[in-house]
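The values are calculated or read from the model by the stated rules, or taken from the named source; none is laboratory data. Keep in mind that this is a model prediction, so the values were computed, not measured. Note that each Cβ is placed from the backbone with ideal geometry, even for glycine, and that neighbours are counted across all protein chains shown.
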Amino acid sequence: MAIPEDSEGWLALVRAGMPPFWRHLAEGTGGRAWEEGGVFAAVVPSSPQRSFFNSVLYETGEKLIESIDELADLYVEAEITAWTVWVPEHDTAVADALQAAGHELDATPRAMAMPLSNLRPPEPDRELEIRVEPDYELLSHLNEIAYGYAPGDFPPIKGDEPSLRTYFGAVDGETLGCAGAFTHGDDCEIVYVAVLPEGRGRGMSSRLMARALEDARAQGLETTTLQATKLGYPVYVKLGYADHGILQMWERRE
């Protein structure tokens, strides 16, 4: 895979990795993926009120606009009350169509990426123990607490997922944070980053991510991508990530 040369190419890489990740999320939590004409929808009935899990991604704006009513019917039939469409900020036609259909702008994460050779790892924390294990129940539990989800709103993945590595950080034997690394082609997408309140302020998330990215580089991967919240943005910049634009999340809530 060629490393992108400009922001347009990096944004395309960020977006290309999102459907495979949401497919893993949907199918791993007992849901399913729907695809038609370059429009992709994750359908996760186990989390019907959380639009993040029930995400829609697309290749062309025209096809997404044509599919809005069909998507609405799809989620109603699955008894899902909240779903969202990820829209690049320049795609105003899609944003306008979604707003006219009853969607509201819910969040504006940033598309971030870098070559793995640009990684700037932080200094080690000798008190931090990092372990790698597929404990998806713990991964969900930590994310629920960190992001204020109600118990059960962050459904755990079932079964083995070879494309996903999960990292946990512990201090004095207590696990306080986690991060996931999802492999798609030659790219490592960082997901599921969460630190409990009592573990914040010591750079745990950056150290977990750096370990995951160093492992990805050792595996021969070339790039890394993610979608950044306002809280995580400065952490990612320090690690070497560059900003390649806003991805608007247009939510529809029944």
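Applying the selection to the range 104-128, what residues are of a type in the set (D, E) and either surrounded by 14 or more Cβ atoms within 10 Å (Cβ to Cβ) or in a helix (DSSP H, G or I) (or both)? Matches in the range 104-128: D106, D125.
Each residue in the range 36-59 was checked for being out of contact with any helix residue (DSSP H, G or I) (no Cβ under 8 Å at 6 or more places or on another chain) and either in the same structural domain as P134 (by TED's automatic domain parsing) or farther than 17 Å from V76 by Cβ (or both), and 2 pass. Here is a check on your reading of the model: is R110 in contact (Cβ under 8 Å) with a residue 60 or more places away in the chain, of a type outside the set (S, T, N, Q) and farther than 21 Å from A26 by Cβ? Yes; evaluated as a whole, the condition is true for this residue. Among the residues examined, Y75 qualifies as at negative phi, over 18 Å from the mean Cα position of the chain (by Cα) and of a type in the set (F, W, Y). The helices (runs of 4 or more DSSP H) found wholly in the range 1-103 and carrying at least 2 residues that are surrounded by fewer than 21 Cβ atoms within 10 Å (Cβ to Cβ) and among the charged types (D, E, K, R) occupy 7-28, 61-77. Does the range 137-148 include one or more residues that are in the same structural domain as K230 (by TED's automatic domain parsing) and assigned to a strand (DSSP E or B)? The answer is no, given that none of the residues of the range 137-148 is in the same structural domain as K230 (by TED's automatic domain parsing) and assigned to a strand (DSSP E or B). It is to be established whether one or more residues within the range 119-136 are closer than 28 Å to S205 by Cα and either small (G, A, S) or in contact with an Asp or Glu (Cβ under 6 Å, 6 or more places away or on another chain) (or both). Looking for residues that are closer than 28 Å to S205 by Cα and either small (G, A, S) or in contact with an Asp or Glu (Cβ under 6 Å, 6 or more places away or on another chain) (or both), one finds none in the range 119-136, hence no.
Of the residues R32, R23, R15, which single one is closer than 20 Å to D69 by Cα and assigned by TED's automatic domain parsing to the domain that holds A82? R32 is the lone residue from the list that is closer than 20 Å to D69 by Cα and assigned by TED's automatic domain parsing to the domain that holds A82. Among residues belonging to the range 220-254 that are out of contact with any helix residue (DSSP H, G or I) (no Cβ under 9 Å at 6 or more places or on another chain) and of a type in the set (A, V, I, L, M), point out the one that is nearest to L74 (Cα to Cα). Among them, the one singled out is M249.
If you go through the range 159-168 and keep only what is in contact (Cβ under 8 Å) with a residue 40 or more places away in the chain and not in a strand (DSSP E or B), you end up with G159, E161, S163.
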